[in-house]
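Chemist: One structure, pasted below without further comment.
Readers should treat all values here as calculations from the given coordinates under stated rules, not as data from a laboratory. Remember, predicted model here, so these are calculated numbers, not experimental data. Here the Cβ is made from the backbone with ideal geometry for all residues, glycine too, and neighbour counts use every protein chain on show.
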Amino acid sequence: MKREWMKQARKEAGLTCSQMAERMEISDIYYQSIENGRRQQKMTIETAMKLSQILKVPMEIIINYETR
C-alpha cells in the first residue's frame, strides 16, 4: 500500500526523502520503504507521531489515512 498522502504531505512541506529521513533519524532507504508501503505496513505510533510533528499533520488525519 503506497502512502500517497505521506508523499504529498512531504512535498507540500518542501522536504525531500533524505531530509525526512534525517529528521526522523532513520536511513533514507527505510524512510522510502515506509512511504512506499514496503515497511511498517501497520505504522507504529512512534512513526506517526514523528510524521505529525515534522509535517505538521494532525495525528487524527494520519490515523484516518492509516486505517483505510
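Chemist: Having 3 or more residues that are over 14 Å from W5 (Cα atoms) is the bar; report the helices (runs of 4 or more DSSP H) wholly within the range 15-68 that clear it. Write out each step before concluding.
Modeler: Values: elements: 17-24, 28-35, 45-55, 59-66.
Result: 17-24, 28-35, 45-55.
Chemist: Here are some conditions: (1) under 20 Å from T67 (Cβ atoms); (2) among the hydroxyl-bearing types (S, T, Y); (3) within 8 Å of the chain's Cα centre (by Cα). Y31 meets all but one. Which one does it not meet?
Modeler: Only one criterion in (1) under 20 Å from T67 (Cβ atoms); (2) among the hydroxyl-bearing types (S, T, Y); (3) within 8 Å of the chain's Cα centre (by Cα) is unmet by Y31, namely (1).
Chemist: Specify the residue that is surrounded by the most Cβ atoms within 10 Å (Cβ to Cβ); the eligible residues are those in the range 3-52 that are within 21 Å of I63 (Cβ to Cβ) and among the aromatic types (F, W, Y).
Modeler: Y31
Chemist: Related question: Which members of the range 21-52 meet the condition of being within 15 Å of K11 (Cα to Cα) and of a type outside the set (D, E, K, R)? It would help to see each step written out before you state the result.
Modeler: Keep residues of the range 21-52 that are within 15 Å of K11 (Cα to Cα), which gives 21, 23, 31-32, 35-36, 51-52.
Result: A21, Y31, Q32, N36, L51, S52.
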